[in-house]
Amino acid sequence: MVREIMDKLAPVISQYDLTGEYAESISDKLTKIYASSGASYALKRVKANRNGNFIETLHTAHQKGFSGYVPIFKNKHRQFFTSDGENWYYIMPWLHNEPEEERDERHKNMFRELAVLHQKTAASEKLNQDALKGHYETLSKQWDDNKTIYEKYVDECEKRWYLSPFELQAVTYYFETARATDFARKKLDEWYEMMKEKEDTRQVIIHGRASIHHYLYDEQGTGFLTNFEQSRYSSPIDDLLLFYHRTFHTYPFADDDCVDWLYTHQQHFPFREEEMLLFTCYLAYPDFIYRNLKKHMNHGTRSVPQLKRNQDLIKSYWTFKNIEYFVMKVTQIEENKKIAAEQSS
């Protein structure tokens with residue numbers, strides 16, 4: 001098997017003047033190359049329709065002073081990507097990645113590095129008020145429509161003598177879902193009123209797929225971000241939204257560490273008031289519940305087993321409750337900060 005991997009990757013490895021001793025398949029896309037020099041390398045396979053611009057985005061971040069990333073090597077032709085005729089690859093040094101710290105400290109280090117990336121690459125962008133209004137109106141209508149659809153579905157269910165397990169769950173979750181939607185809509189309204197007075201907005205280079213699996217350590221214990229394939233200019237809240245949505249999409253838990261990670265980021269790159277409003281607004285909206293409800297309300301999904309439908313809705317409810325705990329904690333902290341600032345002024 002090792003020989004087969006080496007033979008397949010030989011045309012790629014040869015483009016980097018490396019003599020590979022053997023290769024180890026880490027995942028479907030990642031291979032560890034052991035070179036005769038004693039060094040090890042990470043060879044990453046990417047899709048043909050890859051975001052090829054991520055190299056330029058990473059280069060821009062480097063020019064702006066950001067150095068906390070795993071470097072990507074050029075091949076003999078001074079290119080970052082190498083093809084074997086079927087797939088495309090890029091290569092990086094293989095990092096030791098054996099830190100001694102606990103989970104919480106590793107996450108804090110990653111959030112500090114994300115904050116540095118955001119701080120180094122922050123730039124102002126002129127605000128298009130027409131586009132802003134369009135986004136607000138579209139999102140408001142979508143959220144209001146979803147709530148109305150859910151309300152009508154609950155009304156129909158309550159008229160029946162017998163409710164299926166899925167319908168019973170949907171009715172049970174309605175009140176909390178509606179309350180969370182109202183909270184998110186209120187935050188959205190506050191954000192829009194604030195943004196109508198703004199002339200510009202803030203854009204940064206985001207990692208695009210922030211994860212503890214994409215934060216690695218070298219032999220000296222220094223941490224680096226890797227896998228910038230989804231990096232781009234965007235709002236600074238996007239990295240954290242993506243991270244928390246994935247983190248909370250699991251079994252129920254109440255973890256104050258998640259709140260600490262956010263404020264670790266804020267110490268080094270604080271959100272503006274309007275950014276924090278939008279961050280909590282997007283998180284608070286119970287999108288997972290609405291999506292699962294609409295998917296299984298359709299008559300075309302009657303063939304889906306009742307157990308599967310129930311499991312999907314329960315998992316979306318778990319995600320919602322995890323997010324709710326986090327959002328309430330953050331909201332209280334932000335309100336306390338406002339009160340303290342008013343009292344000191």
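Residues of the range 1-55 being closer than 19 Å to residue 85 by Cβ, at pLDDT below 80, open to solvent by 50 Å² or more (accessible area, probe 1.4 Å) and within 26 Å of the chain's Cα centre (by Cα), which ones?
Scanning the range 1-55 gives 47, 48, 49, 50.
In the range 287-345, what residues are polar (S, T, N, Q) and over 24 Å from residue 181 (Cβ atoms)?
Of everything in the range 287-345, those that are polar (S, T, N, Q) and over 24 Å from residue 181 (Cβ atoms) turn out to be 303, 306, 336, 343, 344, 345.
Output the residue which, of all residues in the range 205-225 that are surrounded by fewer than 20 Cβ atoms within 10 Å (Cβ to Cβ) and hydroxyl-bearing (Ser, Thr, Tyr), is farthest from residue 119 (Cα to Cα).
Applying the filter and picking the extreme gives 217.
Quick check on my filter: what residues within the range 242-265 are assigned to a helix (DSSP H, G or I) and open to solvent by 20 Å² or more (accessible area, probe 1.4 Å)? Please lay out each step first, then the result.
Residues of the range 242-265 assigned to a helix (DSSP H, G or I): 242-248, 256-265.
Within the range 242-265, 242, 245, 246, 247, 256, 257, 260, 263 meet the criteria.
Suppose we filter 174, 162, 150 for residues that are within 18 Å of residue 294 (Cβ to Cβ) and either more than 30 Å from the chain's Cα centre (by Cα) or open to solvent by 40 Å² or more (accessible area, probe 1.4 Å) (or both); which single one remains? First the steps, then the outcome.
Values: 162 fails: within 18 Å of residue 294 (Cβ to Cβ); 150 fails: either more than 30 Å from the chain's Cα centre (by Cα) or open to solvent by 40 Å² or more (accessible area, probe 1.4 Å) (or both).
After applying the criteria, what remains is 174.
Output the number of the condition that residue 328 fails; it satisfies all remaining conditions of (1) of a type in the set (A, V, I, L, M, F, W, C); (2) modelled with pLDDT under 95; (3) surrounded by fewer than 16 Cβ atoms within 10 Å (Cβ to Cβ).
So residue 328 meets the others, but not (2).
Restricting attention to the range 67-92, which residues are surrounded by 15 or more Cβ atoms within 10 Å (Cβ to Cβ), in contact (Cβ under 8 Å) with a residue 60 or more places away in the chain and not small (Gly, Ala, Ser)?
69, 70, 75, 82, 84, 89, 91, 92 - these are the residues of the range 67-92 that are surrounded by 15 or more Cβ atoms within 10 Å (Cβ to Cβ), in contact (Cβ under 8 Å) with a residue 60 or more places away in the chain and not small (Gly, Ala, Ser).
Do we have residue 58 as open to solvent by less than 40 Å² (accessible area, probe 1.4 Å) and over 30 Å from residue 275 (Cβ atoms) here?
Here the answer is no, as residue 58 does not meet what is asked.
Just checking, does the range 183-204 include any residue being touching a Gly at 6+ places or on another chain (Cβ under 9 Å), crowded, with 20+ Cβ neighbours inside 10 Å and in contact (Cβ under 8 Å) with a residue 40 or more places away in the chain? Spell out how you get there, then give the answer.
First, the residues of the range 183-204 that are touching a Gly at 6+ places or on another chain (Cβ under 9 Å): none.
The answer is no, given that none of the residues of the range 183-204 is touching a Gly at 6+ places or on another chain (Cβ under 9 Å), crowded, with 20+ Cβ neighbours inside 10 Å and in contact (Cβ under 8 Å) with a residue 40 or more places away in the chain.
For the range 269-315, how many residues are within 30 Å of residue 121 (Cα to Cα), in contact (Cβ under 8 Å) with a residue 24 or more places away in the chain and surrounded by fewer than 15 Cβ atoms within 10 Å (Cβ to Cβ)?
Selection size over the range 269-315: 2.
Restricted to the range 78-109, and to residues that are of a type in the set (S, T, N, Q) and not in a helix (DSSP H, G or I), which residue is modelled with the lowest pLDDT?
Keep residues of the range 78-109 that are of a type in the set (S, T, N, Q), which gives 79, 82-83, 87, 97, 109.
If we keep only those that are not in a helix (DSSP H, G or I) as well, we get 79, 82-83, 87, 97.
On the way: 79: 90, 82: 89, 83: 85, 87: 83, 97: 77.
My answer is 97.
Exactly one of these conditions fails for residue 230: (1) open to solvent by 50 Å² or more (accessible area, probe 1.4 Å); (2) touching a Leu at 6+ places or on another chain (Cβ under 9 Å); (3) in a strand (DSSP E or B). Give me its number.
Of everything listed in (1) open to solvent by 50 Å² or more (accessible area, probe 1.4 Å); (2) touching a Leu at 6+ places or on another chain (Cβ under 9 Å); (3) in a strand (DSSP E or B), residue 230 misses just condition (3).
The values are calculated or read from the model by the stated rules, or taken from the named source; none is laboratory data. Just so you know, these numbers come straight off a predicted model, no measurement behind them. Every residue, glycine as well, gets a Cβ built from its backbone with ideal geometry; the counts of neighbours run over all protein chains shown. Heavy atoms of the whole protein, side chains included, go into the accessibility calculation; ligands, DNA and RNA do not. Shrake-Rupley method; radii C 1.70, N 1.55, O 1.52, S 1.80 Å.
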